[in-house]
1. When only residues in region 274-283 that are touching a residue at least 12 places away in the same chain (Cβ under 8 Å) and more than 20 Å from the chain's Cα centre (by Cα) count, which is most open to solvent (accessible area, probe 1.4 Å)?
2. For region 133-153, name all the residues that are in contact (Cβ under 8 Å) with a residue 24 or more places away in the chain and within 16 Å of the ligand (Cβ to nearest atom).
3. What are the residue pairs meeting all of these: first residue in region 157-186, first residue assigned to a helix (DSSP H, G or I), second residue hydroxyl-bearing (Ser, Thr, Tyr), Cβ atoms under 6 Å, and 6 or more apart or on different chains?
4. Would it be correct to say that LYS70 is more than 16 Å from the ligand (Cβ to nearest atom), under 28 Å from LEU58 (Cα atoms), out of contact with any His (no Cβ under 8 Å at 6 or more places or on another chain) and part of a helix (DSSP H, G or I)?
5. Given (1) open to solvent by 20 Å² or more (accessible area, probe 1.4 Å); (2) modelled with pLDDT of 95 or more, where does PRO148 come up short, assuming only one miss?
6. Cβ-Cβ below 9 Å, separation at least six or inter-chain, first residue in region 85-100 and farther than 14 Å from LEU145 by Cβ, second open to solvent by 40 Å² or more (accessible area, probe 1.4 Å) and within 8 Å of the ligand (Cβ to nearest atom): which pairs?
7. Kindly evaluate VAL283 against the criterion of being away from the ligand (no atom under 16 Å from the Cβ) and hydrophobic (A, V, I, L, M, F, W, C).
8. Just to verify a result, which residue in region 102-130, among those that are among the hydroxyl-bearing types (Ser, Thr, Tyr) and assigned to a helix (DSSP H, G or I), is farthest from ALA199 (Cα to Cα)?
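The values are calculated or read from the model by the stated rules, or taken from the named source; none is laboratory data. Everything quoted here is computed from the prediction, not taken from an experiment. All Cβ positions, even for glycine, are placed from backbone atoms using ideal geometry, and neighbour counts span all protein chains on display. To get the accessible areas, we keep the full protein, side chains included, count just its heavy atoms, and leave off ligands, DNA and RNA. Shrake-Rupley method; radii C 1.70, N 1.55, O 1.52, S 1.80 Å.
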Amino acid sequence: MDRTSITPDDIKRLAKDKGYVIIAHNYQIPDLQKIADIVGDSLQLAVHATKINTGKILFLGVDFMAEMIKVLNPHKKVIVPDTSATCPMAATLSREDILSAKDKYTAPFVAYVNSTLETKALADLVCTSANAVDVVSMMEEDTVLFGPDKNLASFVREKTGKNIIPVPGEHGFCYVHDRVLLDEIRTIKMKHPDALIMAHPEVHEEIRRESHFVGSTSQMEKYPEEADSEKFIVVTEIGMVEKLRNLHPGKEFFAVDSMVCTDMKLNSIGKTFSAISEERNEVFVDEELVGGARRAVERMFDLMRSFSVKK
Ligand code: SF4
C-alpha cells in the first residue's frame, strides 16, 4: 500500500482487524485524534487503559506516557508509532539531582507525572497538573521537593503556601509552555478582546496572573461550560485546541501558534499504520523501576480517594 495515501479510516479498519485500541494524548495532530478511540491527558489515558477489554494498545504520545500505560497495564501489549518521541522536560531531571536534594533538605519528593520511570521510582508521591495542588496540600510536610517542572512548582507554592523546592531548579521546564511570551498572548487578546484566557500551569507566573483560568488539560475541557464567554484563548500545546473545538462546537478557541511540541508531532498517520500493520515498536519498562514507580502512583490514588471522601 502507498503510505502517502493512507487515510484515518484505513488505520481504524486495520486496528480493528488486528485487535488494537488506539489511545491518544490531547496534544496529537487532529488526524491522529480522529482515529483514536480515546483522547485525554496522560494519567486519564493510563487509568482508562486498565478498563479496556483488549490486550493490545497503540499509544499516540511520548515515551513517559507510554511507560505509564505499560506500568498500569503490565499484561497488555503497548506499541507506539515512533520510539524517538520523548519528552525533553522529563530528561532534565536525573537520579543524582533527586538524591542530592533529598540529602540536603530531608523532605519528601513529589514527581510530576511528566517524568521518567526512574524519577517516579525515586518519588514519595506522583502528581498530575490536575491534582498537584491537592496532593501537596494533603501532605503533612511544609517543605516539599517537586520536579521536574519549575513553573508547576511555583503554581503549587502559590496555591498551597508551602515551601516548594523545585528539582532540578531553573533547568526543569517544558519548552513549549516556558518559552511562550506574555506579549504573544496580549497580541491575541487585542484581536479577540472578549475572549477569556485559559492557561496551563506549566507557563510562567506572569502569564498565569493575566489568565482568567489556570488548569490542566482535563480541567480546561470543562471550563468553557462554566465560563461566561463564547471565546477562549488556549495557552497550552496547540493540539488541545482541536480537542476543545470537538467538545464545544458552538464556541471559539484561539491557539497560540508558537506552542508546538515537536516531540508530540513525531507521530504521523504513516508511522501509525506501519506500527499496527507490523505490530512493532513495543514498549518495555525496566522491571527494577516498576515497583517503586507503581507505589508512588498508588499513593497518589490513595490520597485522592481520601480527599474526595473528605470533600
Ligand atoms: S509538551 Fe512539554 S511536557 Fe509535554 S511532551 Fe512536549 S516537552 Fe514534554
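1. The first filter runs over region 274-283 and keeps only residues touching a residue at least 12 places away in the same chain (Cβ under 8 Å), leaving 274-277, 279-283.
Filter again for more than 20 Å from the chain's Cα centre (by Cα), leaving 274-277, 279-282.
Working: SER274: 12, ALA275: 0, ILE276: 0, SER277: 35, GLU279: 56, ARG280: 95, ASN281: 37, GLU282: 67 Å².
Residue satisfying both the conditions and the ranking: ARG280.
2. Those that are in contact (Cβ under 8 Å) with a residue 24 or more places away in the chain and within 16 Å of the ligand (Cβ to nearest atom): PHE146, GLY147, PRO148, ASP149, ASN151, LEU152.
3. From residues that are assigned to a helix (DSSP H, G or I), the pairs are THR160/SER137.
4. Details: more than 16 Å from the ligand (Cβ to nearest atom): yes; under 28 Å from LEU58 (Cα atoms): yes; out of contact with any His (no Cβ under 8 Å at 6 or more places or on another chain): yes; part of a helix (DSSP H, G or I): yes.
So LYS70 passes the test.
5. Just one mismatch for PRO148, condition (1).
6. PRO88/TYR175; MET89/TYR175
7. The answer is no for VAL283.
8. Pass one, region 102-130, residues among the hydroxyl-bearing types (Ser, Thr, Tyr): 105-106, 112, 115-116, 119, 128-129.
In the following step, the residues that additionally are assigned to a helix (DSSP H, G or I) were identified as 105, 119.
Numbers: TYR105: 31, THR119: 26 Å.
Here the residue is TYR105.
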